[in-house]
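First the structure, in the form of structure tokens, and then the observations on it.
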Amino acid sequence: MASEIYSSLKDENPVFVVVLNGAFVFASDFAKNYPGNCEFEFVRLASYEGTNSSGEVKQLLGLNKSLEERTVVVLEDIIDTGNTLEEITEIFSKEKIKQLYIATLFFKPEVFKKEIKIDYIGLKIPNKFIVGYGLDYNGLGRNFSQVYELNNNRMINLVLFGKPGAGKGTQANFLKEKYQLVHISTGDVFRFNIKNETELGNLAKSYMDKGDLVPDEITINMLNAEVEKNPDANGFIFDGFPRTTKQAKALDDLLASKNIAVNATIALEANDEVLIERLLERGKSSGRSDDQDEGKIRNRFDEYNQKTAPLIDYYKNEEKFFSVDGIGSIEEITERLSDVIDGLMISSK
């Protein structure tokens, strides 16, 4: 593209106007390959929220010099609906420029709806959302050296855990709504099966009545039933399972049988003293005796540490472990968790 533009404008000293943020990588490589004299200016406009164009373009940063009687080439990373481009051409119509050319690395002809000529096109692409080489998804992915299509249909399967009082249940409710995931709480699944006297529920109760631990196989079969109830799910949040490395491997085997996998294990981390204060406060209204005794709370923390330490190592070895600060407002913690999940959505390289 640099050579093509130079062959047309070699007698000019053009001003290349780079549209930020997305075009900065493209502009950098373009500048290195443009053989003639030229100048660069930058404008910043925004029209995207998530993966959908809002239809509204806001000028965030204007030009720093006059372009009167200059030949201007706009360098865009991608042109789809043309809303941003329309705003740019409106800006330049007031600048009394000599000539205006439009150059874009990517172009989506299917959705372009403006009567504006595009002079230089690097590559025509389908109407798919792409990330990398300067283009982002909610601020992520710009640093990818190559370009990837964002797969919105990719399943996101999460294991969420944290100490008692860390807010797993609260955050799971927010995340399942935001990402349209199915929340599978082991405790809820057990209560449902026992209350409804299912075969698995009765079998689990027979062990519990004797004071024995319910075998992992029964729990896995309950989880399998929940997964099979939701064949069209965008993904699952597993809460309360696994608790041991053996259970983690069993869950991996279950999901592998369905050609899916755990994408990430996210731990809500919080200082013990903060969590103890939370639980004691919760105990005033919950009526739970284990939330009203600091000694019992610390014992639960010790048990958590003993059980989850090897589990954390297991997921770290698989590069699937993420630690999230669990201190702050509910909204702040949800945002931190969302950053992790959004990162997973674009990391399908």
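The values are calculated or read from the model by the stated rules, or taken from the named source; none is laboratory data. None of these values were measured; they are calculated from a predicted model. Note that we place each Cβ from the backbone using ideal geometry, even for glycine, and neighbour counts take in every protein chain shown.
Looking at THR244, THR265, just one residue is surrounded by 19 or more Cβ atoms within 10 Å (Cβ to Cβ) and of a type in the set (Val, Ile, Thr), and that residue is THR265. All told, ILE237 falls short of being closer than 27 Å to ARG300 by Cα, assigned by TED's automatic domain parsing to the domain that holds LEU337 and assigned to a helix (DSSP H, G or I). Considering the conditions (1) free of Cβ contacts under 8 Å to residues at least 40 places away in the same chain; (2) under 19 Å from ASN317 (Cα atoms), ALA264 is excluded by exactly one of them, (1). Taking ASN13 as meeting all but one of (1) modelled with pLDDT of 85 or more; (2) in a loop (DSSP other than H, G, I, E, B); (3) in contact with a helix residue (DSSP H, G or I) (Cβ under 9 Å, 6 or more places away or on another chain), write down the number of the exception. The one condition ASN13 does not meet is (3).
Considering region 200-219, and only residues there that are closer than 16 Å to ASP188 by Cβ and modelled with pLDDT of 90 or more, the residue that is nearest to the chain's Cα centre (by Cα) turns out to be THR219.
Within region 269-289, the set of residues being touching a residue at least 12 places away in the same chain (Cβ under 8 Å) and either in a helix (DSSP H, G or I) or among the aromatic types (Phe, Trp, Tyr) (or both) comprises ASP272, VAL274, LEU275, ILE276, ARG278, LEU279, LEU280, ARG282. Of all residues in region 280-300, which are under 18 Å from ALA270 (Cβ atoms), out of contact with any Asp or Glu (no Cβ under 8 Å at 6 or more places or on another chain) and surrounded by 15 or more Cβ atoms within 10 Å (Cβ to Cβ)? Once the filter is applied, which keeps residues that are under 18 Å from ALA270 (Cβ atoms), out of contact with any Asp or Glu (no Cβ under 8 Å at 6 or more places or on another chain) and surrounded by 15 or more Cβ atoms within 10 Å (Cβ to Cβ), region 280-300 yields only ASP291. Do you know which residues across region 68-122 are among the hydroxyl-bearing types (Ser, Thr, Tyr) and over 16 Å from VAL18 (Cα atoms)? Once the filter is applied, which keeps residues that are among the hydroxyl-bearing types (Ser, Thr, Tyr) and over 16 Å from VAL18 (Cα atoms), region 68-122 yields THR81, SER93. Annotation: of all residues in region 242-268 being in contact with an Asp or Glu (Cβ under 9 Å, 6 or more places away or on another chain) and outside any helix (DSSP H, G or I), the one that is farthest from PHE161 (Cα to Cα) is LYS258.
Residues that are among the polar types (S, T, N, Q) and either surrounded by 11 or more Cβ atoms within 10 Å (Cβ to Cβ) or closer than 17 Å to PHE161 by Cβ (or both) within region 323-337 comprise SER323, THR334, listed in sequence order.
Screening region 78-183 for strands (runs of 3 or more DSSP E) wholly inside it with 2 or more residues that are buried (at least 19 other Cβ atoms within 10 Å of the Cβ) returns the ranges 99-107, 158-162.
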